[in-house]
Amino acid sequence: MTTLGAVFRPQLPPERLRAIARAADDAGLEELWLWEDCFLEGGISAAAAALAWTERLRVGVGLLPVPLRNVAVTAMEAATLHRLFPGRPVLGVGHGVQDWMGQVGARAESPVTLLREYLGALRALLGGERVTADGRYVKLDGVALDWPPQAPVEILAGATGPRSLRLSGEAADGTILTANTPPEGVQKARRLIDEGRAAASRTDDSHTVVVYLLTATGPGAAARLRAELEAEGAASVPDLGVAGNADAVAKAVQRLADAGADTVILQPTADEPDPEGFIRFTAEEVRPLVP
């Protein structure tokens, strides 16, 4: 079964999160995803609040930019969330937007090298290992968590380019793809991820692919979708985004699932007029139509 979720976009103020998280939980939404976009809202703090305000909702952070965060701190925070709310957090890490990383003096000369070192250390720390690393970017001296997660947890990686997608297959437990990924792009990403998995001889475990789907519904949906795609410079990409009723959205979700997505997260336009209504639309109208 395809997992279905929705995004709380950080263009909304943090104080809106409580009502939207509760609406998601009440409506039976499977996953609510958050972003740590500079310089809007903190991913871990927002996730902790959303998890505390809800009972069953899984809360994803897609993604935490690794140049901003020491890997030991990320491991501590991830472990804390997983012990407080077992089975409900979903965390992704990635390069971050390079212009933003430059603004804060954290831009890495080799983002792929940093992510490779980071994923190895993070997954080992969360697995309860004592880690010593002397990499180009990640340096740890006998570090171990006193309170690691009590069960295995997945760490996802955000990736777009071929090298990052192969690295995600090799070193992460899943991959997050942006809303600029049409079904054909999901197929290509899956092939590159599988190449990375094969190179690392990772044949016994599964690899979750999460993809965002830019979605507009209700009055003016087509115009809002078109405006956002134009603003992103993606208006000419075929089969990108969807505008319409629940049936149209469910068919777009299915096209991504058929291409290899395990989880599809509906991403409202930045000017969505009714964020709580969008959550209920996803859970109550689209979910029953998605196998």
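The values are calculated or read from the model by the stated rules, or taken from the named source; none is laboratory data. Quick caveat, the model's predicted, so the values are computed rather than measured. Please note: Cβ atoms are built from the backbone with ideal geometry, for glycine as well, and neighbour counts cover all protein chains shown.
So, in segment 108-132, exactly how many residues are over 20 Å from the mean Cα position of the chain (by Cα) and either without any contact (Cβ under 8 Å) to a residue 12 or more places away in the chain or surrounded by fewer than 17 Cβ atoms within 10 Å (Cβ to Cβ) (or both)?
Going residue by residue through segment 108-132, those that are over 20 Å from the mean Cα position of the chain (by Cα) are 108-110, 113, 124-125, 127-132.
Okay, now just the ones that are also either without any contact (Cβ under 8 Å) to a residue 12 or more places away in the chain or surrounded by fewer than 17 Cβ atoms within 10 Å (Cβ to Cβ) (or both), so 109-110, 113, 124, 127-130, 132.
Total meeting the criteria: 9.
Hey, can you tell me all the residues within segment 250-282 that are touching a residue at least 60 places away in the same chain (Cβ under 8 Å), part of a helix (DSSP H, G or I) and surrounded by fewer than 21 Cβ atoms within 10 Å (Cβ to Cβ)? Break it down stepwise before answering.
Kept after step one, since they are touching a residue at least 60 places away in the same chain (Cβ under 8 Å), are these residues of segment 250-282: 253-268, 270, 272, 275-276, 278-282.
Subset that is part of a helix (DSSP H, G or I): 253-259, 275-276, 278-282.
The answer is 254, 255, 258, 259, 275, 276, 280.
Going by what's in this entry, would residue 132 be described as of a type in the set (Ser, Thr, Tyr), assigned to a helix (DSSP H, G or I) and modelled with pLDDT of 95 or more? Break it down into steps so the answer makes sense when it comes.
Numbers: of a type in the set (Ser, Thr, Tyr): yes; assigned to a helix (DSSP H, G or I): no; modelled with pLDDT of 95 or more: yes.
Considered against the rule, which asks whether it is of a type in the set (Ser, Thr, Tyr), assigned to a helix (DSSP H, G or I) and modelled with pLDDT of 95 or more, residue 132 comes out as no.
Among the residues of segment 191-227, how many are under 20 Å from the mean Cα position of the chain (by Cα) and aliphatic (A, V, I, L, M)? Let's see the steps before the verdict.
Just the residues of segment 191-227 that are under 20 Å from the mean Cα position of the chain (by Cα), to begin with: 191-194, 196-197, 205-216.
The next check asks that each one be aliphatic (A, V, I, L, M); those that pass are 192-193, 209-211, 213-214, 216.
Summing the residues that are under 20 Å from the mean Cα position of the chain (by Cα) and aliphatic (A, V, I, L, M) in segment 191-227 gives 8.
How many of the residues in segment 3-55 are among the β-branched types (Val, Ile, Thr), more than 14 Å from the chain's Cα centre (by Cα) and not in a loop (DSSP other than H, G, I, E, B)? Give the derivation first.
So in segment 3-55, the residues among the β-branched types (Val, Ile, Thr) come out as 3, 7, 20, 44, 54.
Then drop every residue that is not more than 14 Å from the chain's Cα centre (by Cα), which leaves 20, 54.
Okay, now just the ones that are also not in a loop (DSSP other than H, G, I, E, B), so 20.
Total satisfying the criteria: 1.
Residue 239: under 22 Å from the mean Cα position of the chain (by Cα) and either of a type outside the set (Asp, Glu) or outside any helix (DSSP H, G or I) (or both), yes or no? Break it down into steps so the answer makes sense when it comes.
Numbers: under 22 Å from the mean Cα position of the chain (by Cα): yes; either of a type outside the set (Asp, Glu) or outside any helix (DSSP H, G or I) (or both): yes.
In short, yes.
When you look at residue 63, is it surrounded by 15 or more Cβ atoms within 10 Å (Cβ to Cβ), within 21 Å of residue 266 (Cβ to Cβ) and either aliphatic (A, V, I, L, M) or more than 19 Å from the chain's Cα centre (by Cα) (or both), yes or no? Before the answer, list the steps.
On the way: surrounded by 15 or more Cβ atoms within 10 Å (Cβ to Cβ): yes; within 21 Å of residue 266 (Cβ to Cβ): yes; either aliphatic (A, V, I, L, M) or more than 19 Å from the chain's Cα centre (by Cα) (or both): yes.
Yes; evaluated as a whole, the condition is true for this residue.
Go over the candidates 202, 191, 163 one by one and state the one that is among the charged types (D, E, K, R) and free of Cβ contacts under 8 Å to residues at least 12 places away in the same chain.
Numbers: 202 fails: free of Cβ contacts under 8 Å to residues at least 12 places away in the same chain; 163 fails: free of Cβ contacts under 8 Å to residues at least 12 places away in the same chain.
That would be 191, the only listed residue that is among the charged types (D, E, K, R) and free of Cβ contacts under 8 Å to residues at least 12 places away in the same chain.
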